[in-house]
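Asker: Mind having a look at this structure? Questions to follow.
The values are calculated or read from the model by the stated rules, or taken from the named source; none is laboratory data. Since this is a predicted model, take the numbers as computed values, not measurements. FYI the Cβ positions are ideal-geometry reconstructions off the backbone, even for glycines, and counts take in every protein chain you see. Ligands, DNA and RNA are excluded from the accessible area calculation, which covers all protein heavy atoms including side chains. Shrake-Rupley method; radii C 1.70, N 1.55, O 1.52, S 1.80 Å.
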Protein chains: 2
Amino acid sequence: MGDVFKALADPTRRAILDELTDRDGQTLFEICTRLTMKHGSGSSRQAISQHLEVLESAGLVRTRREGRYKYHFIDTSPLRNIATRWPGNQ
Amino acid sequence: MGDVFKALADPTRRAILDELTDRDGQTLFEICTRLTMKHGSGSSRQAISQHLEVLESAGLVRTRREGRYKYHFIDTSPLRNIATRWPGNQ
DNA sequence: TTGACAGGCAAGTATTTACTTGCATAATTG
DNA sequence: CAATTATGCAAGTAAATACTTGCCTGTCAA
């Protein structure tokens, strides 16, 4: 089980979560191309793939395989602990 | 200005925030000794000092100098953005 | 069934980050 | 004033992390 905080530490991974928030259930290639559209300096496919592994291991992304496609879905439930760990934050 | 997410990525820094939540306004040495009490393998003074710099640069810790003492106070307001950045998280 | 497409694996490189080491400064205390 | 206490600074080391490179497997369509 990965660390949610460490998963959120990288700006590329946060951009991936933004992207999935905007359009849930994308494939690896869709995420790659849409990231290069928005931010000029897009990461490589392998880099994004490894970021997705980190996000999945932290429970922030769930995946479903269909044929040769693999769809990625955001899961925000692990974020709840962050909001409640240090009080005075409502 | 530092990155709030990167500041939260390190477990020692999160332990410092826990410690300040438990008892706000501690000096560097108080934080060091209380961290070594709870978790056996306490970090060195310099390590904690550098962690505090990161937390302060991220806006999670504010400081007040009085004589030779420097008091550290937690500020949870930067955490609000985290809770609201990715919806479906109330 | 051949080729293109989507994705996976693993080892190596490069960059970041955490920690250490040693000395310096400033405020108190005896 | 000298010694101690609390902290600061900066360069170096060690460990973690992000990224690359090259090849491999499975799926589908012509």
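Asker: Could you please tell me which pairs satisfy a Cβ distance under 8 Å, a separation of 6+ or placement on different chains, a first residue in region A:46-74 that is away from chain B (no Cβ under 14 Å), and a second residue that is open to solvent by 90 Å² or more (accessible area, probe 1.4 Å) and within 12 Å of DNA strand C (Cβ to nearest atom)?
Answerer: Hits for this filter: A:LYS70/A:ARG64; A:TYR71/A:ARG64; A:TYR71/A:ARG65.
Asker: Are there helices (runs of 4 or more DSSP H) fully within chain B with at least 2 residues that are over 13 Å from the mean Cα position of the chain (by Cα)? List them.
Answerer: Correct list: B:28-38, B:45-57, B:79-85.
Asker: Follow-up. Taking region A:2-41, which residues are within 20 Å of A:TYR71 (Cα to Cα), free of Cβ contacts under 8 Å to residues at least 40 places away in the same chain and at the interface with another protein chain (Cβ under 10 Å from one of its Cβ atoms)?
Answerer: Residues satisfying the conditions are A:ARG14, A:ASP18.
Asker: On to the next question. If the requirement is being buried (at least 18 other Cβ atoms within 10 Å of the Cβ) and closer than 17 Å to B:LEU79 by Cα, which of these qualifies: A:LEU20, A:LEU35, A:LEU8, A:LEU60?
Answerer: Result: A:LEU8 is the single residue among A:LEU20, A:LEU35, A:LEU8, A:LEU60 that is buried (at least 18 other Cβ atoms within 10 Å of the Cβ) and closer than 17 Å to B:LEU79 by Cα.
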